[in-house]
Amino acid sequence: MICGLKEIRFAAILLYQPHHQGNMAFAGKYEFEGDENYDDFVKKIGLPSDKVEMGRNCKIVTEVAQNGNDFTWTQHFPGGRTTTNTFTIGKEADMETMGGKKFKATVKMEDGKIVADFPNYRHTAEICGGKLVEISTASGVVYKRTSKRIA
């Protein structure tokens, strides 16, 4: 039996709907690959000079564990320093900046991106082409860090 025009349209609509990332879209281990606008950004947020040098072209390894809306986001820095933020999408959590300041934030999910408002900048993270792309914006200055999946 040949489908009617309505059924064909419906099937075409279903086929061309954007597919959402799976439940575990962020889970994995990522290694720093490159960044843009680091110096201007860290100057804008007032990062201390010792932290600025430590972060420049730093081979940060980011590990993300995800269970539904629950995340553990760990950054491993050369020399053994580690920062871990644990949060649930839509719930207030205790967080820490890359400069070591502690604060509270409610992390959101917007269009497949993790979004967090840090004390003096807005941070987003998304998976693009299998890479972790993080963008931080402070008073119009945009910093972009890209990390490749290694596990």
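Of note:
- Evaluated against (1) touching a Pro at 6+ places or on another chain (Cβ under 8 Å); (2) within 15 Å of residue 46 (Cα to Cα), residue 103 falls short on exactly one condition, (2).
- Selection over segment 139-151 of residues that are under 11 Å from the mean Cα position of the chain (by Cα) and open to solvent by 50 Å² or more (accessible area, probe 1.4 Å) gives a count of 1.
The rows are residues; the columns are (1) open to solvent by 70 Å² or more (accessible area, probe 1.4 Å); (2) of a type in the set (Val, Ile, Thr); (3) at pLDDT 90 or above.
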site	(1), (2), (3)
69	yes, no, yes
72	no, yes, yes
77	no, no, no
88	no, yes, yes
94	yes, no, yes
125	no, no, yes
128	no, no, yes
133	no, yes, yes
137	no, yes, yes
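- Contact annotation: no residue pair with Cβ atoms under 8 Å, 6 or more positions apart or on different chains, pairs a residue in segment 27-42 that is without any contact (Cβ under 8 Å) to a residue 12 or more places away in the chain with a partner that is surrounded by fewer than 18 Cβ atoms within 10 Å (Cβ to Cβ) and of a type in the set (A, V, I, L, M, F, W, C).
- If only residues of segment 96-108 that are on the phi < 0 side of the Ramachandran plot and surrounded by fewer than 16 Cβ atoms within 10 Å (Cβ to Cβ) are counted, the one that is modelled with the lowest pLDDT is 101.
- Scanning segment 35-67 for residues that are small (Gly, Ala, Ser) and at pLDDT 95 or above returns a single hit, 65.
- When residue 112 is tested against the conditions (1) in contact with a His (Cβ under 9 Å, 6 or more places away or on another chain); (2) surrounded by 17 or more Cβ atoms within 10 Å (Cβ to Cβ), the lone failure is (2).
- In segment 30-40, of all residues being open to solvent by 70 Å² or more (accessible area, probe 1.4 Å) and out of contact with any Lys or Arg (no Cβ under 6 Å at 6 or more places or on another chain), the one that is farthest from residue 61 (Cα to Cα) corresponds to 40.
The values are calculated or read from the model by the stated rules, or taken from the named source; none is laboratory data. Please read these numbers as outputs of a predicted model, since none were measured by experiment. FYI the Cβ positions are ideal-geometry reconstructions off the backbone, even for glycines, and counts take in every protein chain you see. These accessible areas exclude ligands, DNA and RNA; they are computed on the full protein's heavy atoms, side chains included. Shrake-Rupley method; radii C 1.70, N 1.55, O 1.52, S 1.80 Å.
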